[in-house]
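Here it is: the structure, laid out below.
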Amino acid sequence: MPFDVARVRGLTPAIGDGWVHLDAPGGTQCPEQVALTMGTAVRAPISPPGAAFPASQRAEVIEDAARQAVADLVGGDPRGVVLGPGREVMIGRLAEAVADRWQLGDQIVLSRLDDVANIAPWRRVAEQRGVGVRWAEIEIETCELPEWQYDELLRGPARVVAVTAGSEHVGTRPRIDRIAERARRAGALMVVDGFAAAACGRVRMDDLGADVLVLSSASWGGPQTGVLVFRDPTLLDRLPSCSLDPLAIGPGRLEVGPHSYPLLAGLVASIDYLSTLDDAAQGERPQRLDTSMRSVGEYQSELLGRLIYELRFVPRIQIVGTPDENGIPAIAFTHETRKAQDVATHLADRGVCAVADLGDHGVLEHLGTGEVGGVVKVGLAHYSTTSEIDQLARALTDLI
C-alpha cells in the first residue's frame, strides 16, 4: 500500500496554516494526538513518584511508559533509557559522567560531520581532563565521512567515539555500523547521535552498533525531550551519579530533578503516532513501528530524490556536497549572487519555510560556507509532498 501522505497530513493541524514547511528535520510540527495528550496530562493531578496516592502513581506510570516507548522505537532495553530535557543537555550529562575515568594521554574521536550539539560537550570535558581530541574528517566535495580513517584514529587509548547517524545539515548518512565495529575493537564507547536519522526511517540499536544512542523527540514531532539509550543498562550503575537522589540507580543516576510529566506523556504519544503512519502496520507497537518507519523511510527517499533533481535545474543554486536519496532528507545550498538570509526571506515572502544558516558552527563552519554568505537549509518531513518541492523550485527560479 502506498504511503498515504494526505491522511498523515490530516493528523498534524499545524501544517494547515498555508505555509510550506520545509524546515525539518531540525524539528517537525506537532501532531494533534501529541498536543491533546500533553494537554490532558497538564490538567490531570500529578505528583512526584513514590507515594501511595493516585497522582504519584500516575507519574510512575507515565515515566515507565516513556522508557518502554523509546525502547520499542529503537530496539533497546527500557532499563537503559535515560530521560531528560533536550539532546544538548543529555549529551553534556553523558560526557561529564564518562569523563570521570579519563586520564592524561587518553583520546576521544569526534567527527567534522556532526552538529555542535555532539561536539561542544565532548570538547569541553576533554579540555577539563587534559584529554586529546582526534577528528574524523569529511570529504569537502561530497561531505562523506569515510569509515576507513577510524583505523588510524583509534590507535592508542581511545575512550569515546562520538558520531552522528545522519547530518541534519547536509544529509550525509555515514556507515555507522562499520565505525562501531572499529570502536568496539579499540574498546571505545560508541556514542551515536540519532537526532535526524530517527525521524526519517527505521533506527535500531543493533544495526548501528551503538553503545549509547542519543535521541530527541522534537525531530519527529514530539515535545522537546532528550533521551539516552544505553545498550548495556548495567553501565549506568558504573557511572558517577548527577541525581539529586543519593540512592538513585539505573537511568535515574543521569536524571536531575523531577521530570516534566506532560512532556513525557507527549513523548509516548509521539512514538505511538509514528507507529500509525502506515495503515498496514499491525501487531504490537515494535512491529507497527518497524512497518511504519520503513514506509516513512521509503517515502522520504522518493521525496529527497525529487528535491535533488529539482534543485539541480534551478539557475545559480549550488548544492553543498553530493546528496543522494538514501541520505537524510536535508539539503543545504548556496546562491551565486545572494546571501543565504536574502534567499530565505525571498522564500518566506512566497510562503516557503526554509532556514538561513550563517555557517558559523559544526559541519557548515568546517566547509567554510560562512565565507559565501551562509547556506539555506531545507528539510523534508514525513508530511512533505512533491507539490511543496515544486513550489520551492518555482520560488527559487523567480529569484533574480
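Within the range 270-285, identify whether any single residue is of a type in the set (Lys, Arg) and open to solvent by 60 Å² or more (accessible area, probe 1.4 Å), and answer yes or no.
no
Quick one: which strands (runs of 3 or more DSSP E) sit completely within the range 163-274 and have at least 2 residues that are touching a Phe, Trp or Tyr at 6+ places or on another chain (Cβ under 8 Å)?
Ranges flagged: 212-216.
Out of the residues in the range 348-400 meeting the condition of being acidic (Asp, Glu) and in a helix (DSSP H, G or I), tell me which one is most open to solvent (accessible area, probe 1.4 Å).
371
Tally up the residues in the range 89-101 that are modelled with pLDDT under 95 and more than 17 Å from residue 237 (Cα to Cα), please.
Qualifying residue count for the region: 0.
Restricting the search to the range 94-124, which residues are of a type outside the set (Asp, Glu) and farther than 23 Å from residue 167 by Cβ?
Answer for the range 94-124, where residues must be of a type outside the set (Asp, Glu) and farther than 23 Å from residue 167 by Cβ: 97, 98, 99, 101, 102, 103, 104, 105, 107.
Would you check if residue 43 is in contact (Cβ under 8 Å) with a residue 40 or more places away in the chain and either open to solvent by 50 Å² or more (accessible area, probe 1.4 Å) or out of contact with any Cys (no Cβ under 7 Å at 6 or more places or on another chain) (or both)?
no
Next question. If you scan the range 47-82, which residues turn out to be open to solvent by 50 Å² or more (accessible area, probe 1.4 Å), in contact with a helix residue (DSSP H, G or I) (Cβ under 7 Å, 6 or more places away or on another chain) and either within 30 Å of residue 15 (Cβ to Cβ) or aliphatic (A, V, I, L, M) (or both)?
Hit for the range 47-82 is 68, nothing else.
I've got another one for you. Going through 135, 122 one at a time, which residue ends up being surrounded by fewer than 22 Cβ atoms within 10 Å (Cβ to Cβ) and either touching a residue at least 12 places away in the same chain (Cβ under 8 Å) or not in a loop (DSSP other than H, G, I, E, B) (or both)?
135
Which of (1) open to solvent by 30 Å² or more (accessible area, probe 1.4 Å); (2) part of a strand (DSSP E or B); (3) in contact with a Lys or Arg (Cβ under 7 Å, 6 or more places away or on another chain) is the odd one out, the single condition residue 332 does not satisfy?
So residue 332 meets the others, but not (1).
The values are calculated or read from the model by the stated rules, or taken from the named source; none is laboratory data. Remember, it's a predicted structure, so these values are computed and weren't measured experimentally. For neighbour counting, all protein chains shown are included, and Cβ atoms are generated from backbone atoms with ideal geometry for every residue, glycine included. All accessible areas refer to the heavy atoms of the entire protein, side chains included, with ligands and DNA or RNA removed. Shrake-Rupley method; radii C 1.70, N 1.55, O 1.52, S 1.80 Å.
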